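This report refers to the structure that appears directly beneath it.
The values are calculated or read from the model by the stated rules, or taken from the named source; none is laboratory data. A quick note: this is a predicted structure, and the numbers were derived from the prediction, not measured. Here the Cβ is made from the backbone with ideal geometry for all residues, glycine too, and neighbour counts use every protein chain on show. In case anyone asks, the SASA skips ligands and DNA or RNA and just uses the protein heavy atoms, side chains included. Shrake-Rupley method; radii C 1.70, N 1.55, O 1.52, S 1.80 Å.
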Amino acid sequence: MDKMKMSDLSSFCCATCITLKDRCSRPKGLINLLLTKVCLLALLFGTVWSITGRECLPGGNLFGIVILFMCSVLGGKLLGMIQLPTLPPFPPLLGMLLAGLLLRNVPYVTDAVFIDTHWSAALRSIALSIILTRAGLCLDPSALRRLKAVCVRVAVGPCMVEACIVAVVSHFLLSLPWVWGFILGFVLAAVSPAVVVPSMLLLQKEGYGVEKGIPTLLIAAGSFDGILAITGFSTCLGIAFSTGSTWMNILKGLLEVVGGIIAGLILGLFLCFFPSNDQEDLVLRRTLMLLGLSIFSIFFSNVIGFAGAGGLCTLVLSFLAALGWKTEKAPVAGMVGRCWDVFQPLLFGLIGAEITITSLSPSTVGLGMACILIGLVIRLLVTFLLVHFGGFTLKEKVFIAVAWLPKATVQAAIGSKALDMAREEGDETSIQFGLVVLTLAVLAILTTAPIGALGIGLTGPRLLTRYVKDETEMEASPISPNGSTE
């Protein structure tokens, strides 16, 4: 009898469910998707809250990081949606930087969105290791061998000249010590691949400057420009935080460069053989090993007092690992790129959140902008002169000089590094110098990134010759900027 009753009850429940299913329409499509995501977020928040307590509530460290990340992603999306005719899109990193700047300087919001300085420094260091890893993976050895003299001149000349000019000007205008002046100089001297590369690819797709190889030239030279700036910055940073005589500090800086390269070679060779090709989940394991060693190199170099060696080690080991993997590096580079998609909003958001507008001195901002503008003018002239014997027309020389202006990625990656080290040392004077360096890095991003993107988009179609492939003759036919065949 009990079995019969249970069977009857089960049948009744099934019939009831079928009836309710027939009478009630379940939410589908977008509504279902939104409800599902809301439930998942609620479950995630509830789980994290039950573990961390106040950390994930307003005023907590975890809450601040999450809100900053979400606002930075949203700011990047909104700015990236701004599309003007015949112009490349604005770099999303600018929106991420502005989001962090707003969160830091809006009353009441600032108190709720709190992020510990140690957490902020650690997250920025991880982002730095990821971007350096991407740079090492993207270096093309065949392009290195085929580099022409003009590419070397464009990569080295403007960077070194601007770094020296900014160092001299900041020493007299901002009263920075010489070593801090060169730290600032190398921070500001690097061109931004995040702005230049997408703009060049867009022009290359349309055929502008292709016949002279101008997009390829600037993309290749941009990588070496950034590496040179990071190397100079790391060397000067090691000297600034060393004790002892000047010559010993210079020697230590050189040792950091040599030590970083040797360590990178050893770790890169290790990655060429481990993990082996016969292992499962090879791409995942290679990615984890690569990022793990890169992040470890950045943090370990700070621990042992050779901060400049970590960045070089990361660049070399990722480049050497890519050489060993050959064609198999593409999936690893793709996974590293996904990691960068996560840490990019954090990096630029945290950089923006370091700046408190009310604490900025008007004189520092004014004199800092003067340093930036003087460096940019000299950079323009030097770039124009260095490509003078490269076989380019006057218009093409002007375009190359304009395209070599935007700054963003490297400035965000290393702009706060000196401030982080000064805070670890606890030296108030160094902290003030570090804040000046960071402030000018942010000002350089805010001014040159949009101006550079707009300048490339406006001058490219007007100054470069466009080449298209004729379908009948299968030959490249030059087209002038106004569209007529030459």
* Just give me the residues in the stretch 103-117 being part of a helix (DSSP H, G or I) and either in contact (Cβ under 8 Å) with a residue 12 or more places away in the chain or within 18 Å of residue 344 (Cα to Cα) (or both), in sequence order. => 103, 104, 105, 111, 112, 117
* Asked: What are the residues in the stretch 291-314 that are free of Cβ contacts under 8 Å to residues at least 60 places away in the same chain, in a helix (DSSP H, G or I) and more than 18 Å from residue 423 (Cβ to Cβ), if any?
  -> 292, 293, 296, 300, 313
* Asked: If you take the residues of the stretch 320-361 that are within 17 Å of the chain's Cα centre (by Cα) and free of Cβ contacts under 8 Å to residues at least 12 places away in the same chain, which of them is farthest from residue 437 (Cα to Cα)?
  -> 334
* **Of all residues making up the stretch 147-171, the number that are open to solvent by less than 10 Å² (accessible area, probe 1.4 Å) and at pLDDT 90 or above** => 7
* Any idea which of (1) open to solvent by 60 Å² or more (accessible area, probe 1.4 Å); (2) at pLDDT below 85; (3) more than 25 Å from the chain's Cα centre (by Cα) is the one residue 426 doesn't satisfy? -> (1)
* Asked: Do we have residue 125 as assigned to a helix (DSSP H, G or I), at pLDDT below 80 and among the polar types (S, T, N, Q) here?
  -> no
* Asked: If you go through the stretch 88-108 one residue at a time, do you hit one that is among the aromatic types (Phe, Trp, Tyr) and at pLDDT 80 or above?
  -> no
* Structure fact -> Filter the stretch 50-73 for residues that are outside any helix (DSSP H, G or I) and on the phi < 0 side of the Ramachandran plot; the one that is least open to solvent (accessible area, probe 1.4 Å) is 60
* Say we look at the stretch 122-134 and pick out the residues that are in contact with a helix residue (DSSP H, G or I) (Cβ under 6 Å, 6 or more places away or on another chain) and open to solvent by 20 Å² or more (accessible area, probe 1.4 Å); which of these is nearest to residue 63 (Cα to Cα)? -> 123
* Asked: Is the stretch 325-338 home to any residue that is touching a Gly at 6+ places or on another chain (Cβ under 9 Å) and surrounded by 19 or more Cβ atoms within 10 Å (Cβ to Cβ)?
  -> no
* For the stretch 194-208, enumerate the residues that are within 20 Å of residue 451 (Cβ to Cβ) and open to solvent by 50 Å² or more (accessible area, probe 1.4 Å). => 198, 201, 202
* Structure fact -> Checked against (1) touching an Asp or Glu at 6+ places or on another chain (Cβ under 6 Å); (2) on the phi > 0 side of the Ramachandran plot, residue 379 satisfies every condition except (2)
* Among the residues listed as 317, 288, the single one being within 25 Å of residue 343 (Cα to Cα), assigned to a helix (DSSP H, G or I), within 21 Å of the chain's Cα centre (by Cα) and without any contact (Cβ under 8 Å) to a residue 24 or more places away in the chain -> 288
* Return yes or no: is residue 213 open to solvent by less than 40 Å² (accessible area, probe 1.4 Å) and under 23 Å from the mean Cα position of the chain (by Cα)? => no
* Structure fact -> Subset of the stretch 172-192, residues open to solvent by less than 50 Å² (accessible area, probe 1.4 Å) and in a helix (DSSP H, G or I), comes to 179, 180, 181, 183, 184, 185, 186, 187, 188, 189
* Residues in the stretch 407-416: is at least one modelled with pLDDT of 85 or more and not in a helix (DSSP H, G or I)? -> yes
* Those residues of the stretch 341-392 which are hydroxyl-bearing (Ser, Thr, Tyr) and either open to solvent by 60 Å² or more (accessible area, probe 1.4 Å) or within 18 Å of residue 225 (Cβ to Cβ) (or both), in sequence order -> 358, 359, 363, 383
* **Residue that is at pLDDT 85 or above, within 22 Å of the chain's Cα centre (by Cα) and in a helix (DSSP H, G or I), where the choices are 76, 136** => 76
* Structure fact -> Picking from 183, 230, 250, 261, the residue that is free of Cβ contacts under 8 Å to residues at least 40 places away in the same chain and touching a helix residue (DSSP H, G or I) at 6+ places or on another chain (Cβ under 9 Å) would be 250
